Amino acid sequence: MKIAITGLVNSGKTTVFNALTGIGVETTAYATTSGEPHMGVVKVPDARVEKLSEIYNPKKKTPSSVQYIDYLGITKGDQKQNRKVFELVKDSDALVHVVRGFADEAVVHPLERVDPLNDINTFETELILGDMELVERRMKGIEQNRKKGNKPTNPEEEKVLKKCNEALEAEKPLRLLELTEDEQKAVRHLQFMSIKPMIVVLNVAENDLASDKTASIIKEIEGLYGEGASATVLAMSGKVEMEIAEMDAEDRDMFLEDLGITEPALDRLIRICYEHVGLISFFTVGEDEVKAWAIIKGSDALTAAGKIHSDIQRGFIRAECIGYEDFVGEAEGKMATAKDKGLMRLEGKTHKVKDGDIINFRFNV
């Protein structure tokens, strides 16, 4: 899974990226219009992997992972510059929009004042304008092909494009548009930006983390996105999270306790990204390795088998499944006990994998 960390320039997005990945990309107090993208892979915090590793004491434990990408910020009204950004992050699965909520005279705000709601509206407008440009270009291409006597490769595409254009002209991001699976497939190749799942991170000063002011702004942002839960919103301090990421475990726990926080906001952000794009985890366990595998919610056992290896998918016979809670609870972490108590299930190819399923695949090739 690839997540793009984006936002207006000088919002603190690179600071958030550094805190997530520990890479230490240089940050600046001024807007930049050139540079190279930065990528980092982050493990998804999952207490279930830790518990299963305690039970099996494997040679290796492998949680799921998320890839984050950080690039240039979005600039109001600069479609040429923004197109460069969109081109680089268009294949991401979701957007983390870092919104500036901190005041700092040393870091110039591109719109000259700290106003999170205004920044969000500006950012969404740039996404919408970028998508309108894509629709217009594609519609022209379809019309040119029609004049040449060429039949459309997908007759459904033009209908969906018109539907998308109506929403965009009404200043609505495409993530609010209800599209069938076939309609989504018809325009997927265009890689629209405003259709992507959105996670909003309000980047505030340390003193404002637990303030009424921040709580009020979060409510306003949630109200801006409406009842459809088209975006998940959380607050964090990028600078504080960078400090936490650099601490050893003992100092980190003490620091979090002093702040009255049970876990780093970054851990919550990683999980939110994971869940917001519709991913769940299933596990394979053993003395060699305990591993979490990410699949789309609703995937069947055959798809899960292919996630591990194409040979397992090709030679699939049955899937031995047990839920994580049943395994660590009633079965007391023992497969033999799980079988004796009838907690182990034999499932076929069409079984819908549940989050937390521990699976052993039987196959023959």
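The values are calculated or read from the model by the stated rules, or taken from the named source; none is laboratory data. Keep in mind it's a predicted model, so treat the numbers as computed, not measured. For neighbour counting, all protein chains shown are included, and Cβ atoms are generated from backbone atoms with ideal geometry for every residue, glycine included.
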- Consider Phe123 against the criteria (1) out of contact with any His (no Cβ under 9 Å at 6 or more places or on another chain); (2) modelled with pLDDT of 90 or more; (3) surrounded by 17 or more Cβ atoms within 10 Å (Cβ to Cβ): it satisfies all of them except one. Which criterion is unmet? (1)
- Message: Can you name every one of the strands (runs of 3 or more DSSP E) wholly within segment 56-118 that holds 2 or more residues which are within 22 Å of Met1 (Cα to Cα) and of a type outside the set (A, V, I, L, M)?
- Response: 60-62, 65-70
- Any chance segment 230-245 includes a residue that's free of Cβ contacts under 8 Å to residues at least 40 places away in the same chain, surrounded by 14 or more Cβ atoms within 10 Å (Cβ to Cβ) and farther than 26 Å from Asp91 by Cα? yes
- Message: Here is a check on your reading of the model: is Leu95 closer than 27 Å to Lys159 by Cα and more than 18 Å from the chain's Cα centre (by Cα)?
- Response: no
- Hey, Glu143 hits all of (1) touching a Gly at 6+ places or on another chain (Cβ under 7 Å); (2) not in a loop (DSSP other than H, G, I, E, B) but one; which does it fall short on? (1)
- Task: Run down Thr262, Thr303 and say which single residue is within 27 Å of Thr62 (Cα to Cα) and not assigned by TED's automatic domain parsing to the domain that holds Leu176.
- Result: Thr303
- Residues of segment 196-229 classified as over 24 Å from Val277 (Cβ atoms) and without any contact (Cβ under 8 Å) to a residue 24 or more places away in the chain, total: 7
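Please verify whether segment 142-153 includes one or more residues that are in contact with a helix residue (DSSP H, G or I) (Cβ under 7 Å, 6 or more places away or on another chain) and either not hydrophobic (A, V, I, L, M, F, W, C) or not assigned by TED's automatic domain parsing to the domain that holds Leu234 (or both). Steps first, please.
Taking segment 142-153 first, the residues in contact with a helix residue (DSSP H, G or I) (Cβ under 7 Å, 6 or more places away or on another chain) are 142, 152.
Cutting the leftovers down to either not hydrophobic (A, V, I, L, M, F, W, C) or not assigned by TED's automatic domain parsing to the domain that holds Leu234 (or both) gives us 152.
Within segment 142-153 (the criterion being in contact with a helix residue (DSSP H, G or I) (Cβ under 7 Å, 6 or more places away or on another chain) and either not hydrophobic (A, V, I, L, M, F, W, C) or not assigned by TED's automatic domain parsing to the domain that holds Leu234 (or both)), the answer is yes, since at least one residue qualifies.
Which residue, of Phe283, Phe327, is under 30 Å from Thr232 (Cα atoms), of a type outside the set (Ser, Thr, Tyr) and outside the structural domain of Thr14 (by TED's automatic domain parsing)? Step through it out loud before you land on a result.
Working: Phe327 fails: under 30 Å from Thr232 (Cα atoms).
Testing whether each residue is under 30 Å from Thr232 (Cα atoms), of a type outside the set (Ser, Thr, Tyr) and outside the structural domain of Thr14 (by TED's automatic domain parsing) leaves just Phe283.
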- Those residues of segment 168-182 that are assigned to a helix (DSSP H, G or I) and either hydroxyl-bearing (Ser, Thr, Tyr) or crowded, with 17+ Cβ neighbours inside 10 Å (or both) come to a total of 3
- Query: Among the numbered criteria (1) under 21 Å from Pro63 (Cβ atoms); (2) aliphatic (A, V, I, L, M); (3) free of Cβ contacts under 8 Å to residues at least 40 places away in the same chain, which single criterion is violated by Leu346?
  - Reply: (1)
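Could you list, in sequence order, all residues of segment 84-100 that are farther than 25 Å from Asp115 by Cβ and not hydroxyl-bearing (Ser, Thr, Tyr)? Spell out the reasoning first.
If we filter segment 84-100 for residues that are farther than 25 Å from Asp115 by Cβ, which is where we start, we get 84, 87-88, 90-93.
Hits for segment 84-100 are Lys84, Glu87, Leu88, Lys90, Asp91, Asp93.
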